[in-house]
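Working notes, beginning with the structure itself.
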Amino acid sequence: MNEQISAVQRMQEYIDKHLNEEITLADLSEAALFSPWHSYRLFKQHTGLSPSEYIRRLRLSRSAVKLKQGGYRVIDAAYDTGFGSVDGYQRAFFKEFGCNPGEYTRTKVPIPLFIPYGVKFRELRKECIDVKEVQSLFVQLMRKPERKVIIKRGISAEDYFDYCSEVGCDVWGILTSMDSLCGEPVCLWLPEQYKKPYTSTYVQGVEVETDYDGVIPDGFDVITLPSAEYLVFQGEPFLEEDYCDAITAVQYSMDKYDPALIGYRWDDSNPRIQLEPRGERGYIELRAVCPLNKEE
């Protein structure tokens, strides 16, 4: 990873760690190990935002998540995010998300949360190696209920990186702002029966109740998935810089796994499901199965 990318990543990590404090360009310069002017230029070049814009958007999005969870007052959000008044916070919130914080708290309308992707991951993807072993793999059987999934389709993407190139990376922010049956958004590889012509196999979405009647974001579709059993594959916790290898290792082990050992076979009529790769819990992927004695 080149030194400029590393410098911007250090600034991003500093911001995340000190988000509730005053952050100056001098602080970021110290983290980056470059002059303030050069640090500012590098940050904007690689993130597309100035440090102040980045910090403002991240603070507003973090406050929106707390508002959605409940028990968090708008006045507290205003002062916790560094605004001098509730009015100033409400204006900034509306400008960022297109609704005021009170409306979002009441209706949970989907909003485009800012997700601060680390710039280092673009470089780490290029350095990914072909891992053939995983130290340990936790496997468990679970049943998912019948549910709707609100999805954003791509064009021809088969994986995350191509999907982001086709639809952008802002989809995840919208999905994160919505309540989910499993507590977080999901990525899916769709079987043919759930695809539309000239759309991608890989999609991102959020699972909701079958009677969901809330807002569907513009450009999103809704599919209904049946109740099904899944094998959940979970790898070991990993360092962020090893995320690509962690995914490859789990997928390699999953491909070698024979569900007949526990009386099941793969059920490819249901989507494979990927959860957000988070190092503290390990990479998680779900693949549908059905009993061997079930009729085809």
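No value in this document is a laboratory result; all are computed from the given coordinates. Note that the structure is predicted; figures quoted are calculated from it, not measured. Don't worry about glycine lacking a Cβ; one is built from the backbone with ideal geometry, like all the others, and counts go over all protein chains shown.
Using alpha carbons only, how many degrees (0 to 90, rounded to 10) separate the axis of helix 243-256 from the longest principal axis of the chain?
10
Note the angle between two axes, namely the Cα long axis of helix 86-97 and the longest principal axis of the Cα atoms of the chain, as a number of degrees from 0 to 90, rounded to the nearest 10.
40
Taking the structure as given and computing Cα Rg over 2.2 N^0.38 Å, which label from (1) 0.95; (2) 1.02; (3) 1.10 fits?
Recomputing Cα Rg over 2.2 N^0.38 Å here picks out (3).
Starting from 0.36 nm per residue, how many nanometres of slack lie between GLU22 and ASP255 once their C-alpha separation is accounted for?
This chain segment gains 79.1 nm when fully extended.
Could you check the spin-label model distance between ASP211 and ASP87? Points 7 Å from the Cα along Cα→Cβ, value in nm.
With each label point 7 Å from Cα toward Cβ, the separation is 4.3 nm.
Please sort 171-181, 278-288, 259-269 by packing, taking for each peptide the average over its residues of neighbouring beta carbons within 10 angstrom, highest first.
Packing proxy ranking, top to bottom: 171-181, 278-288, 259-269.
So how far apart, in nm, are the two label points at TYR79 and VAL139 if each is 7 Å from Cα heading toward Cβ?
Rounded to a tenth, the inter-label distance reads 5.5 nm.
Rounded to the nearest 0.05, what FRET efficiency do GLU146 and GLU166 have when you use their Cβ-Cβ distance and R0 = 22 Å?
E between GLU146 and GLU166, to the nearest 0.05, is 0.15.
Looking at HIS38, VAL74, PRO51, which one has the Cα that reaches farthest to the positive end of the dipole of region 1-100 (charges on Cβ: Lys, Arg +1; Asp, Glu -1)?
Sorting the options by dipole projection puts first VAL74.
Testing the spin-label approximation: label points 7 Å from Cα along Cα→Cβ at LYS195 and ILE262. State their distance in nm.
Between LYS195 and ILE262, the label points sit 2.8 nm apart.
For region 3-107, what's the radius of gyration and Dmax over Cα atoms, in angstrom?
In Å, with Rg to one decimal and Dmax whole: 15.1, 45.
Looking at region 137-291 from every direction and averaging, what is the projected area of its Cα convex hull in nm²?
It is 9.1 nm².
Estimate the FRET efficiency between ASN2 and ARG41 by the formula 1/(1 + (r/R0)^6), using the beta-carbon distance for r and 22 Å for R0, to the nearest 0.05.
About 0.90, to the nearest 0.05.
So what are the ³J(HN,Hα) numbers for region 269-285, from phi and the Karplus equation (6.51, -1.76, 1.60; θ = phi - 60°), rounded to whole Hz, Gly and Pro as x?
Listing the rounded values in order: 7, 10, x, 6, 10, 10, 9, 4, x, 10, x, 6, 10, x, 6, 10, 9 Hz.
Taking R0 as 41 Å, what's the FRET efficiency between SER50 and GLU158 from their Cβ-Cβ distance, rounded to 0.05?
For SER50 and GLU158, the calculated efficiency is 0.70.
Please compute the alpha carbon radius of gyration of region 1-50, then divide it by the globular-protein estimate 2.2 N^0.38 Å. Two decimals is fine.
Normalised by 2.2 N^0.38 Å, the Cα Rg of region 1-50 equals 1.01.
Would you mind classifying region 213-256 by shape? Square roots of the alpha carbon gyration tensor eigenvalues, ordered a ≥ b ≥ c; an a/c under 1.5 is rounded, otherwise it is prolate if a/b is larger than b/c and oblate if not. Walk me through the numbers on the way to the answer.
Working: a/c = 3.29, a/b = 1.75, b/c = 1.88.
Verdict is oblate for region 213-256.
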